[in-house]
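Written below as structure tokens is the structure these notes are about.
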Amino acid sequence: MKIKNKKSQEKNKKTKIKKIMKEDVTNARREEIVLACEKLYKTMSFRDITIKDIAKQTTFTRASIYNYFETKEEIFLALYEKEYLRWCDELNEMYESTIKFKKTAFADKIAKSLENRTKLLKLMAMNNYDMEENCRLECLVSFKVAFLKAIKIFSKLLSKYNPLLEKKEIDKITYMFFPFIYALYPYSFVTKKQMRAMELAGHKWNGNTIYNLTYNFIMKII
């Protein structure tokens, strides 16, 4: 009986090891695909990037990509999630620091954190409705977890900046701030064609920057 139990335990252990190894390979492949997409996104637009283009940047075939992502939108959503988590790490470092924030210092740090996240802001400026609609539910849930993590950390930072703020006021500021940042990229990066169109329409672009827009907005709402 003991021998059978021992064999059963060894079998279960081997099964678990195989499962972990398979998960590691899957995660590594997914990461490679997302990094390939990230590389292309530096010089190409979402519209122009294809699954074929992404596959060329990886060590496997286009057909293999569909084992991990069903659509191009799912790959971009995974990159979007990755960028949110990178920003969360930066915000969390701010929260964990022992520095007591003054109003100007708080606005400065938040503005600088977004100034460093142009890729995240560019992804925010995309049509999220269409991208999310063309993704499986599990992909969307994973992305929403990262999004909500950013909201929670920002809320904690507000509380650290001003411990007297009530939850209702923190929520109000947070849900003013997040819709605002979705417009940061198009208001800060203007193409020559867009600039010319504005001139012809009678409006001159005033050279907004991510930092200045964010800093001024934070100073107003807090």
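Quick note: the coordinates plus some simple rules give every number you see, no bench work behind them. Computed from a predicted structure; not experimentally measured. As a convention, Cβ positions derive from the backbone with ideal geometry for all residues, glycine included, and neighbour counts pool all protein chains shown.
Quick rundown of the values:
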| item | result |
| --- | --- |
| Karplus-derived 3J(HN,Hα), 6.51/-1.76/1.60, for each residue of the stretch 193-207, Hz, glycine and proline x | 5, 5, 5, 5, 4, 5, 4, 5, 7, x, 10, 9, 5, 9, x |
| Summed side-chain charge close to residue 57 - residues other than residue 57 whose Cβ falls under 12 Å, Lys, Arg +1, Asp, Glu -1 | +2 |
| Gain in span if fully extended, residue 169 to residue 129, counting 0.36 nm per residue against the direct Cα distance | 11.6 nm |
| Zone of residue 112's modelled label, taken as backbone nitrogen in the stretch 140-171 under 20 Å from a point 7 Å along Cα→Cβ | 153-162 |
| Rounded if a/c under 1.5, otherwise prolate or oblate - the chain, Cα gyration tensor axes | oblate |
| Likely footprinting exposure, 85, 157, fewest C-beta neighbours within 10 Å first | 85, 157 |
| HN-Hα J in Hz across the stretch 56-61 - Karplus 6.51, -1.76, 1.60, θ = phi - 60°, x for Gly and Pro | 5, 8, 10, 9, 9, 7 |
| Principal-axis tilt of helix 103-115 within the chain, Cα atoms, nearest 10 degrees | 60 |
| Sorted by Cβ density within 10 Å, fewest first, the residues 100, 144 | 100, 144 |
| Size of charge dipole - the chain - debye, nearest 20, with Cβ of Lys, Arg +1 and Asp, Glu -1, no other charges | 1040 |
| Cα-projected label distance for residue 204 with residue 99, points at 7 Å along beta-carbon direction, nm | 3.6 |
| Selection from 163, 214, 36, by position along the positive dipole direction of the chain (Cβ) | 36 |
| Fully extended contour minus Cα-Cα distance, from residue 190 to residue 66, at 0.36 nm per residue | 41.2 nm |
| Distance between the stretch 28-54 and the stretch 149-164 - C-alpha centres, whole angstrom | 34 |
| On Cα atoms only, tilt of 167-181 relative to the major axis of the chain in degrees | 90 |
| Cα centroid separation, the stretch 77-112 to the stretch 179-200 (Å) | 25 |
| Rounded to 10°, Cα long-axis angle of helix 2-41 versus longest principal axis of the chain | 30 |
